[in-house]
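Input: a single structure, listed below in structure tokens.
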Amino acid sequence: MTAFVLIHGAYQGGWIWGPVARRLRAAGHDAYAPSLDGCGERTEQDRPGITVESQADEIAELLFYEDLSDVVLVGTSSGGMVAARTAELARERIARLVFVDALVLKTGETTADVLGRPRSAPTATGRPTEEHLARLLHGLPPETAAWAGERFCGRPIGTVTQPVVLESFWDQDWDVSVIWCRRAENPGEAHQRRTAEAFGAPWRELDTGHYPMLSEPEALARLILEG
């Protein structure tokens, strides 16, 4: 039995991993899908001072208090940044890292740098506008998009604007796999190739958009299990 810890991205909560978590549990494994600080059902707790690093501190504490070892840490979208920092903080507990269409930044980079946007641009922490939400969820079946859209929420602004701090992640050897979603606009193939090449990671692809846990949960669960 393996413990999988699934880390969501911006505007989401742990709920988005539900279809994959159920499949991992049905295969006989433990699956944790926490909502990060200020996200999901915790969105009303959003406040100044929440950063990628503070969210990673919480996930590292989860690993400690649940006494998890040989963990497969899975990060998607901006959750890739949290996964990288968590791995650094809890090195002895991590067996493998899976990055699913994920941002994996280097120290000093911000999300804006990778996405080619001005660092000063993000100012809003609230739920995406209906227009933005339609773009985010484009390609999902209408019922799935409606269900997910009701649950999309704000994001702690510090996780977007504050440069990432990683002390040793890129200098260590990790068992990594990278899953690229071909139909997703961001974070893009080149960024994810950087991660794969840095760690000699297996490269997997899914012919779907940025939310494969909703559009292709069976295929995604299988790739996560395969490593």
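The values are calculated or read from the model by the stated rules, or taken from the named source; none is laboratory data. Model, not experiment: these values are computed from the prediction. With ideal geometry, Cβ positions are generated from the backbone for all residues, glycine too; neighbour counts draw on all protein chains shown. When the accessible area is computed, the model is the full protein with side chains, heavy atoms only, and any ligands, DNA or RNA have been set aside. Shrake-Rupley method; radii C 1.70, N 1.55, O 1.52, S 1.80 Å.
Taking residues in region 1-23 that are within 13 Å of E41 (Cβ to Cβ) and modelled with pLDDT of 95 or more, and partners anywhere that are assigned to a loop (DSSP other than H, G, I, E, B) and among the charged types (D, E, K, R), the pairs with Cβ atoms closer than 9 Å and at least 6 places apart or on different chains are Q12/R151; Q12/R155; G13/R151; W15/R151; I16/R151.
I'm trying to understand the selection: among the residues of region 77-109, which are among the acidic types (D, E), touching a Phe, Trp or Tyr at 6+ places or on another chain (Cβ under 8 Å) and surrounded by fewer than 24 Cβ atoms within 10 Å (Cβ to Cβ)?
E88
Within region 172-198, can you find the residues that are part of a helix (DSSP H, G or I), touching a strand residue (DSSP E or B) at 6+ places or on another chain (Cβ under 7 Å) and open to solvent by 30 Å² or more (accessible area, probe 1.4 Å)? Passing the criteria: only E189. For region 32-50, the set of residues classified as open to solvent by 20 Å² or more (accessible area, probe 1.4 Å) and at pLDDT 95 or above consists of Y32, A33, P34, E41, R42, listed by residue number. For a quick check of your reading of the model, give me the residue pairs whose first member lies in region 184-201 and is under 19 Å from Q172 (Cα atoms), whose second is exposed (fewer than 15 other Cβ atoms within 10 Å of the Cβ) and of a type outside the set (G, A, S), with beta-carbon atoms closer than 6 Å and at least 6 apart or on different chains. Going by the 6 Å Cβ cut-off, the qualifying pairs are A196/W203.
Contact map, region 55-76: first residue of a type in the set (F, W, Y) and surrounded by fewer than 14 Cβ atoms within 10 Å (Cβ to Cβ), second residue at pLDDT 95 or above and outside any loop (DSSP other than H, G, I, E, B), Cβ cut-off under 9 Å, separation 6 or more or different chains; pairs are F64/R93. The set of residues in region 142-156 that are in contact (Cβ under 8 Å) with a residue 40 or more places away in the chain and open to solvent by less than 70 Å² (accessible area, probe 1.4 Å) comprises T144, A148, F152, C153, G154, R155, P156.
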